[in-house]
Amino acid sequence: MRLLILGTGAMAVQHAEAFGAIAGAKLVAAVDPHTERLAAFSERFEIEQRFAGLPDALDWDGFDAVANATPDNVHYETTMDCIAANKHVFCEKPLATNQKLAAEMTRSADQAGVINMVNLLYRGVPALQAAREMVLAGEIGEVKHVEASYLQSWLTQPSWGDWRTDERWLWRLSTRHGSNGTLGDVGIHIIDFACYGAGLDFTNVHCRLQTFPKVESNRIGDYELDANDSFTINASFNNGAIGVIHSSRWASGHQNDLALRIYGDKGGLEVKCWRGGHLVADPKYSSLRACKEDGLTTGTWRDVPCRTVPLNYQRFVDAICHGENLEPSFATATRLQQILDTSFESHAQNAALSVVSGDL
Ligand SMILES: NC(=O)c1ccc[n+]([C@@H]2O[C@H](COP(=O)([O-])OP(=O)(O)OC[C@H]3O[C@@H](n4cnc5c(N)ncnc54)[C@H](O)[C@@H]3O)[C@@H](O)[C@H]2O)c1
């Protein structure tokens with residue numbers, strides 16, 4: 001499988017490392033309008049074909065699949081062009097900036113018969129997969145309550161770069177530059193973490209967003225810093241359970257920490273994950289604890305061993321090899337987008353809203 005990498009920023013490096021290590025996948029081309037970044041990336045990964053724009057790469061046509069690692073608001077247009085050229089697409093999350101566009105991408109990909117998957121990275125957390133298996137096997141009974149959080153602190157400390165000066169972080173703070181803030185960025189991860197882990201779907205959300213003042217006049221150069229920094233969602237699920245999902249970029253002390261607690265009438269589970277990137281696949285960076293059976297009366301939690309699961313990069317290559325789409329698909333990402341859109345609307349109306357099943 002000959003792979004083109006679209007966008008050569010931070011996430012593209014992870015794509016190149018991961019795909020480069022998979023037998024049967026070959027990085028053949030890279031695209032980025034940012035000349036220096038494209039050159040440095042292509043040198044590093046020994047990629048010969050380099051293009052400043054997707055149209056030139058499509059004219060060349062020497063590839064079978066695309067890893068789309070462009071900013072959120074570029075996914076729709078570029079992915080649609082790739083689908084029209086019959087290329088398989090592995091797209092970064094969020095698939096699009098709203099459910100309508102995501103649904104259009106899903107319909108087009110399905111009609112074209114191309115493999116379409118989205119990098120919901122945390123599906124690769126061994127503890128999440130093990131927790132889901134335990135829930136689906138009935139080990140904690142009927143789920144009643146869910147608690148999920150995604151905590152980052154890149155607004156309070158500079159270990160990932162300084163958002164005041166680095167354009168890579170600045171676009172994430174500005175809606176006009178294509179960001180839907182924390183909810184649009186990592187919100188999709190933690191919403192998926194919660195419903196996938198608990199084996200449930202969202203039926204109702206009441207969301208609150210907050211953007212905190214950061215600099216004088218809330219503007220740095222061209223960037224108006226208006227995207228949300230924190231959110232909380234009160235949720236209802238399709239089995240009647242309720243839950244709380246929240247995230248912040250102001251969570252001092254947490255670099256990139258996800259947690260999920262699932263409480264059923266026969267037991268409880270706690271998933272924790274404290275790394276990002278490929279490291280999520282390593283069982284030493286996540287944990288699963290369970291309290292059930294004889295542990296219930298004493299509140300005794302026991303560690304549950306978890307086995308490694310393939311990351312989405314491997315699954316995408318497998319899907320192309322077998323000619324059959326795998327999860328997480330565009331359709332799944334479209335459903336998540338519906339939950340996100342409803343959450344934004346809930347904040348705007350300051351009301352609890354039903355998450356309808358959106359058209360595909
Ligand atoms: N799955 C995950 O866990 C995860 C983690 C981080 C980021 N992401 C997602 O990955 C995507 C990229 O994020 P990033 O952190 O790498 O951003 P980034 O800003 O570091 O890189 C994006 C790159 O895309 C390039 N670009 C812009 N328009 C383009 C176009 N039309 N064609 C080709 N290249 C174009 C930019 O010049 C830049 O080099 C975003 O959608 C983000 O939400 C996902």
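The values are calculated or read from the model by the stated rules, or taken from the named source; none is laboratory data. Source: prediction; values computed, not measured. In this analysis, Cβ positions are derived from the backbone assuming ideal geometry, glycine residues included, and neighbour counts consider all displayed protein chains.
The condition of being buried (at least 17 other Cβ atoms within 10 Å of the Cβ) and of a type in the set (Gly, Ala, Ser) holds for only one of Gly24, Gly62, Gly20, Gly7, that being Gly7. For the range 254-307, a residue qualifies if it is within 16 Å of the ligand (Cβ to nearest atom) and of a type in the set (Lys, Arg), and exactly one does: Arg275.
Just for the range 98-122: of the residues that are of a type outside the set (Phe, Trp, Tyr) and within 10 Å of the ligand (Cβ to nearest atom), which one is surrounded by the most Cβ atoms within 10 Å (Cβ to Cβ)? Checking each candidate, the answer is Val118. Exactly one residue among Asn228, Asn180 is under 23 Å from Gly161 (Cβ atoms), touching a helix residue (DSSP H, G or I) at 6+ places or on another chain (Cβ under 9 Å) and at pLDDT below 95, and that residue is Asn180. Can you find a residue in the range 202-220 that is surrounded by fewer than 17 Cβ atoms within 10 Å (Cβ to Cβ), free of Cβ contacts under 8 Å to residues at least 12 places away in the same chain and of a type in the set (A, V, I, L, M)? There is no residue in the range 202-220 that is surrounded by fewer than 17 Cβ atoms within 10 Å (Cβ to Cβ), free of Cβ contacts under 8 Å to residues at least 12 places away in the same chain and of a type in the set (A, V, I, L, M).
Across the range 52-78, what is the total count of residues that are within 13 Å of the ligand (Cβ to nearest atom), charged (D, E, K, R) and either closer than 24 Å to Ala319 by Cβ or not assigned by TED's automatic domain parsing to the domain that holds Ala25 (or both)? It would help to see each step written out before you state the result.
In the first step, residues of the range 52-78 are kept if they are within 13 Å of the ligand (Cβ to nearest atom); the result is 52-58, 66-78.
Now drop any that are not charged (D, E, K, R), which leaves 56, 72, 77.
Checking the rest, the ones that are also either closer than 24 Å to Ala319 by Cβ or not assigned by TED's automatic domain parsing to the domain that holds Ala25 (or both) come to 72, 77.
Final tally of qualifying residues: 2.
If we keep just the residues of the range 1-51 that are more than 26 Å from the chain's Cα centre (by Cα) and in a loop (DSSP other than H, G, I, E, B), which is nearest to the ligand (Cβ to nearest atom)? Per the criteria, the residue is Ile47. The residues of the range 106-137 that are in contact (Cβ under 8 Å) with a residue 60 or more places away in the chain and of a type in the set (Gly, Ala, Ser), listed by number, are Ala109, Gly124, Ala127, Ala130, Ala131.
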